[in-house]
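Heads up, the thing below is written out as structure tokens.
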Amino acid sequence: MIRKNYLLNMETVGMMERYDADGVEMTTVVEGNDTFHVAQSRQEILNNTLNHFGLDLDGGLAAAKSVLGGKYRLPVCINARLGMVWFSTRSFRKRGGVWFSYIHIRDLEEMSEKETLVHTDFGHCLPVSLSKNQLAFKRDQASYLHTTFHERSLGKKTFYYEPGSGITFCKEPGEVHYRVKGKEI
């Protein structure tokens with residue numbers, strides 16, 4: 001059975017493109033211990049999931065670019081508090097490649113110079129046409145993006161106190177500039 005639509009969730013491990021008999025793009029989804037097909041492209045699934053959380057793919061990529069720099073193959077943070085950060089092994093605008101939820105990757109096994117076997121925490125093993133080092137870099141980028149957005153979502157204030165200076169500086173969440181919070185007596 002082919003599902004009409006799908007939203008990524010905390011159990012979703014990966015997405016791979018596939019094509020039906022008429023050449024229409026679909027997606028093979030690995031969720032937990034299950035694998036099934038969805039009558040949507042990976043980009044549609046990703047964007048619909050982002051929309052579900054009040055975001056979109058362009059905004060997700062712009063946010064990743066603001067944190068990581070660069071232009072290509074950036075990870076996308078769907079929801080930092082839920083650990084839903086995804087990365088692709090290729091540009092999502094090109095054919096091929098796999099989208100992974102970075103939190104479900106348990107190990108990377110080098111098969112050859114340009115091929116890696118990805119082991120997931122649900123026991124799946126997915127071969128990827130990317131070197132182990134390149135794949136580890138993509139996973140690390142996703143991890144850094146997750147950490148950055150999760151810390152920002154906590155809304156903690158940052159204080160700097162210089163003993164003897166008589167002032168304390170405070171930076172509110174989301175603010176760029178520091179304010180004088182108070183003076184010593």
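Working out 0.36 nm times the residue gap between L82 and L117, then minus their Cα-Cα distance, what length gain in nm do you get to one decimal?
Working: separation 35, 0.36 × 35 = 12.60 nm, distance 2.57 nm.
Using 0.36 nm per residue and subtracting the Cα-Cα distance, I get 10.0 nm.
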*Place +1 on the Cβ of every Lys and Arg and -1 on the Cβ of every Asp and Glu in the chain, take the dipole about the Cα centre, and give the residue among N51, H177, F149 whose Cα lies farthest towards its positive end.*
H177
*Packing-based ranking, highest mean first, of 100-111, 39-50 given that Cβ atoms within 10 Å are counted*: 39-50, 100-111
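What dipole magnitude, in Debye to the nearest 20, does the chain give about its Cα centre under +1 on Lys/Arg Cβ and -1 on Asp/Glu Cβ?
Working: 24 positive and 22 negative charges, 133 e Å.
Value, rounded to 20: 640 debye.
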_Length released on extending from E25 to S91, taking residue separation times 0.36 nm less the Cα-Cα span_ = 22.2 nm
*Listed candidates [x] 15.3, 46; [y] 20.2, 78; [z] 21.8, 84 - label of the one calculated as Rg and Dmax of the Cα atoms in Å*: [y]
*Residues of the chain: accessible area per residue at 1.4 Å, in Å²?*
59
*Please list, or write none, the aspartates and glutamates whose alpha carbon is within less than 17 Å of the alpha carbon of K4, excluding same-chain residues fewer than 8 places away.*
E17, D20, D22, E25, E31, D34, E44
*Would you calculate the separation in nanometres between label points at S129 and D107, each defined as 7 Å from the Cα along the Cα-to-beta-carbon direction?*
2.6
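Based on the mean of other beta carbon atoms within 10 Å per residue, what is the order of 61-73, 84-96, most packed first?
In descending order of packing, they fall as 84-96, 61-73.
Assuming 0.36 nm per residue, please report the length gained on full extension of the stretch Y72 to Y178 beyond their Cα-Cα distance.
Working: separation 106, 0.36 × 106 = 38.16 nm, distance 3.31 nm.
Difference between extended and current length: 34.9 nm.
For the pair S143 and L7, what calculated FRET efficiency results from E = 1/(1 + (r/R0)^6), where r is the Cβ-Cβ distance and R0 = 25 Å, to the nearest 0.05?
On the way: r = 23 Å, r/R0 = 0.91.
Efficiency, rounded to the nearest 0.05: 0.65.
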*Leaving ligands, DNA and RNA out of it, report the carbon-plus-sulfur percent of the accessible area of segment 1-124 at a 1.4 Å probe.*
47
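The values are calculated or read from the model by the stated rules, or taken from the named source; none is laboratory data. Quick caveat: nothing in here was measured; it's all calculated off a predicted structure. Glycine gets a Cβ as well: all are built from the backbone with ideal geometry, and neighbour counts include every protein chain shown. We work out accessible area using only protein heavy atoms, side chains counted, and drop any ligands, DNA or RNA first. Shrake-Rupley method; radii C 1.70, N 1.55, O 1.52, S 1.80 Å.
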